[in-house]
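Computed from the coordinates by the stated procedures, all read-outs in this text should not be read as laboratory data. Bear in mind the structure is a predicted one, so any value in this text is a computation, not a measurement. Cβ: placed from backbone, ideal geometry, glycine included. Neighbour counts: every protein chain shown.
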Amino acid sequence: MIAMRTTLAICASAIFSVACLGQQDFSGVEIKTTPVAGKVYMLEGRGGNIGVSVGSDGILIVDDQFAPLADKIKAALAKLGSDKPKFILNTHWHGDHTGGNPLFGRDGTIIAHTSVRERLIVKQELFGQPVEPLPKEGLPIITFDHSLAVHFNDEEIRVIHLPNGHTDGDCVVVFTKSNVVHMGDHMFAGMFPFVDLDHGGNVEGMAKNIANVIAQLPPDVKIIPGHGPIATLDDLKTFHRMLVETTDIVKKRIAAGKTLDQIKAEGLPDPWKSWGDGFIKTDAWLETIHKSLSKSP
Ligand SMILES: [Zn+2]
């Protein structure tokens, strides 16, 4: 029972990871398409939100969810003009953002940060579960270290690396004319995020990265978060404030000599209480911050 409970708890909090793929049933998942702004659409199914650029040059996608959903995603893209995206941008290596790579990589060019390719090419471990490497056609063939631009559908699509935040190889994608940004997992709208401390992630680094992004975005930008509904700049600012304030709370409790168990028992005040209703529960979030602070330089 305890073992089963543990598995369930891990799966509930990791529903967006490949770790529990074996236990997940994707048959009922439908792909929903929503126009965001300009030439950009968002697809939702299960896993990370997909950004799509649609225009006379064809289709470009940002992330591609889980492998078992790839055919459904293809069908949704066909309705937007083509089921063969010319470019696939990966915001980071997690399987709920790169699972469709082996299918879409057959016809399209996958682009990602150097560390994403390094992670996907060998076996990884996430939530204590093995994550198998992707086949050759699923790997990024163009990699970058700092930033890159794709000139596509009459706009500059900027891909910008964010160091040590959600992982160490994340990027955000800015659709400069459409005025849309895909935040990857540097934004979970209205819920505590997963921060992958074992693969270069860091809570304070994430807050710093987001502050840098906020400073560069126009007030009327539309935001595609990694998880959650389409958001505004104010929503991103709230997410940033959550990171800073909950981190400060944990720092103060550590300074007062409290143990992790005591920190958890005290919980979090409003307005952050309800943020634990998502993937990552309040206890798991407090533990993430605690662990991240012990790793910070
Ligand atoms: Zn992720």
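Structural remarks
- Any chance S274 is within 17 Å of P163 (Cβ to Cβ) and either buried (at least 19 other Cβ atoms within 10 Å of the Cβ) or away from the ligand (no atom under 16 Å from the Cβ) (or both): no
Okay, residues lined up against (1) in contact with a Phe, Trp or Tyr (Cβ under 8 Å, 6 or more places away or on another chain); (2) surrounded by fewer than 24 Cβ atoms within 10 Å (Cβ to Cβ):
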position	(1), (2)
E137	no, yes
I141	no, yes
L148	no, yes
F152	yes, yes
I157	yes, no
M191	yes, yes
F194	yes, no
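- Complete set of residues in the range 215-232 that are aliphatic (A, V, I, L, M) and either touching a Ser or Thr at 6+ places or on another chain (Cβ under 6 Å) or loosely packed, with under 14 Cβ neighbours inside 10 Å (or both): A215
- Any chance I142 is more than 13 Å from the ligand (Cβ to nearest atom) and more than 17 Å from the chain's Cα centre (by Cα): yes
- The one condition in (1) in contact (Cβ under 8 Å) with a residue 40 or more places away in the chain; (2) within 18 Å of K222 (Cβ to Cβ); (3) more than 14 Å from the chain's Cα centre (by Cα) that V181 fails to fulfil: (3)
- Residue that is surrounded by the fewest Cβ atoms within 10 Å (Cβ to Cβ) [pool: residues in the range 60-89 that are in contact (Cβ under 8 Å) with a residue 60 or more places away in the chain and under 28 Å from D196 (Cβ atoms)]: F87
- Of the helices (runs of 4 or more DSSP H) lying entirely inside the range 209-297, those carrying at least 1 residues that are free of Cβ contacts under 8 Å to residues at least 60 places away in the same chain and hydroxyl-bearing (S, T, Y) are 233-255, 282-295.
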